[in-house]
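Computed from the coordinates by the stated procedures, all read-outs in this text should not be read as laboratory data. Quantities reported herein were computed from a predicted structural model and do not represent experimental measurements. Neighbour counts run over all protein chains shown; Cβ positions are idealised from the backbone, glycine included.
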Amino acid sequence: MVDGQTVTHRPLTPSERAKVERYLESQRARPQARPLPSASMAVNRVLRPLAAKGAKRGSSALALSEVWPEIMGPRWSKISAPVRFRATKGERTLVISAPGPAASLILAASGPIIERLNAHLGAGQVASIQVVQAAPKTRADIDTKPKRGLTPSEEASLREGLTQVGNDRLKTALERLGREVIRNQT
């Protein structure tokens, strides 16, 4: 249908049919000559699955922080943390932050630490460690006490003080704030 009118086609004569076939033969697409795939594509096909496998094993400093106590032991993991990996001359160095006095002790025990790191990450992943001095973690950072709940009288007092507030969102926010203030008083 063209512009609301039905179009009917008449059969082609043999000479018209031959003309159309010659035209189509001359305009027919030829297969595209494709260049050979580059070597980098082949390497990527091999390395991509291996990189994904390495990422699952925790080869980044962030993933390493999850198993840090397992690698460093309870004593050193409380005061140190992995910062990042640095690659120089084909070797990877793990940068660790620790307070001043502990930094020299961690460096003195670097041999066993590197062995445990390579056992976790894979052979030869870490060649050396570098310890940067950081502010020592406070006792509050290390041993956090769970927050206590409110007593029934504190709960009742808090709710009674908020009865005049009409806005529900404001009331909820003030209740949260009040809970934290009461918890931190003792």
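From least to most packed, judged by other beta carbons within 10 angstrom and beginning with the fewest, ILE129, ILE96 follow the order ILE129, ILE96.
Take every Cα pair under 8 Å whose residues are at least 6 apart in sequence, average their separation, divide by the length of the stretch 54-141, and the relative contact order is 30 percent.
For the peptides 35-43, 156-164, residues were scored by their other Cβ atoms within 10 Å and the scores averaged per peptide; the highest-first order is 156-164, 35-43.
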